[in-house]
Amino acid sequence: MNAVSLLCDIIGQAGKVAARAYRDDARFGALLDAGLLEDDGLVQSVLCENCDLPHDAEIKFEFGSYGHFCPDLGLVPVERADLVAVRPNLAALVEHLHAAFECPPGGISQLGPQTWRVGLVDTPGGRAVVHFHTCLRTDDDLVSLGNALRAEIRRDYALVVTAAGHLPFRDAATYPLATMVQMDLGAACLRKIVSVAEAVGAPPRPTGGRPSVYRERFHELLAERAAQVVAEKGRNEEAKAALLEYRRRYPHETTPSLSTVKAYVSEFRGG
Ligand SMILES: [Zn+2]
């Protein structure tokens, strides 16, 4: 999993997460450095793993120290440092995306509780507007997106980038964040993997055989395999498995060579 996938995972949890769980994870540090995660007080509950039956337990502050109550063990003390919480900084993420997609200055706006306008991008086929919407996993998410975009001006193309799930939406192409951008660890910023033009299929989406289409589809497929925790560890094994899956999904289309797919796997895992 790369840093952006980890960010998506945290956004998908829709709230604060304990920094402790990620303390030794370099990707977590990179997200903090880039301002994509921010401090958010202390977590209110922990998973008790001290007894036979793991359970959620509320944090209590008693007699000058923190702890949680366990039916088996009574009050179990917890270090304050282990309770520090972080949450995704979505406004910062939107600014990072604005820069990564090379949008002209201005245009960033929060349109709803889950939805932001990232900016405009000129493509060979016309002007595209890019939005970020946290999750597209349920009908409620789709309704929330529809409401947020109601007053938006129509452009030639519309793209909605999401951190978790990408249900199809009637008025825009949807694309998973983790296949669209990756983290540049040195510069602490996001870089695009797929251009907005490719993501919206501008100019008119070709029907296979084109490298950009292969690349887009493989990145999506690899992200899905990673999310479902079925990705192979080795690059070659993963490339072979992804190619099989691609043939199953697009049985009537040409396929790229195995070496090309290996390159997509490297690219996908790079950030
Ligand atoms: Zn317990």
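The values are calculated or read from the model by the stated rules, or taken from the named source; none is laboratory data. Treat the numbers as computed from the prediction; the structure is a model and nothing was measured. Here the Cβ positions follow ideal geometry from the backbone for every residue, glycine too, while neighbour counts run over all protein chains shown. Only protein heavy atoms, including side chains, enter the accessible area calculation; ligands, DNA and RNA are left aside. Shrake-Rupley method; radii C 1.70, N 1.55, O 1.52, S 1.80 Å.
Applying D = kT/(6 pi eta Rh) to the stretch 211-269, where Rh is the Kirkwood radius over alpha-carbon pairs, T corresponds to 4 °C and eta to 1.567 mPa s, the Stokes-Einstein value obtained is 116 µm²/s.
Quick one: accessible area per residue over the stretch 1-104, 1.4 Å probe, rounded to a whole number of Å²?
Computed with neighbouring chains in place, this is 55 Å² per residue.
Between the amide H of V78 and those of Y66, G67, H68, distances stay under 5 Å, these residues lying 5 or more places away or on another chain, with hydrogens modeled in the peptide plane.
Quick check of the Kirkwood formula: for the chain, what is the inverse mean of 1/r over all pairs of different Cα atoms, in Å?
Values: mean 1/r = 0.0491 Å⁻¹.
Answer for the chain: a Kirkwood hydrodynamic radius of 20.4 Å.
Using θ = phi - 60° in the Karplus curve 6.51 cos²θ - 1.76 cosθ + 1.60, the 3J(HN,Hα) couplings for the stretch 64-78 round to x, 9, 8, x, 10, 8, 10, x, 7, 10, x, 7, 9, x, 9 Hz; x is entered for Gly and Pro.
At full extension, L42 and D122 could sit 24.5 nm farther apart than now, given 0.36 nm per residue minus the alpha carbon distance. Note on the stretch 47-65 and the stretch 143-207: Cα centroid distance 41 Å, given to the nearest whole angstrom. For C189, the amide hydrogen comes within under 5 Å of the amide hydrogens of D184, counting only partners 5 or more places away or on other chains and with H modelled in the peptide plane.
Given a 1.4 Å probe and every protein chain left where it sits, what share in percent of the accessible area of the chain is carbon and sulfur?
51 percent
When the helices of the chain are scored as -39500 (n - 2.57) per DSSP H run of n ≥ 4 and the total is divided over every residue, the value at 222 nm lands at -10000 deg cm²/dmol. Here's how it looks for L37: its modeled amide H is under 5 Å from those of L32, N89, which are all 5 or more places away or on a different chain. Phi angles of the stretch 93-100 translate, via the Karplus equation with coefficients 6.51, -1.76, 1.60 and θ = phi - 60°, into HN-Hα couplings of 4, 5, 5, 4, 5, 4, 6, 5 Hz per residue; Gly and Pro are given as x. In plain terms, if you count all Cα to Cα distances in the stretch 1-146 and split them into 10 Å steps from zero, the share in each step is 10, 30, 29, 18, 9, 3, 1 percent. The long axis of helix 211-227 is offset from the longest Cα principal axis of the chain by roughly 20 degrees. For the stretch 43-96, GluC sites (Glu not before Pro) are listed when DSSP marks them as loop and at most 16 other Cβ atoms sit within 10 Å of their Cβ; the list is E49, E79. Cross-link reach is defined here as a Cα-Cα straight distance under 17 Å, omitting same-chain residues fewer than 8 places apart; for K262 the aspartates and glutamates meeting it are E216, E220, E224, E232, E237, E238, E245.
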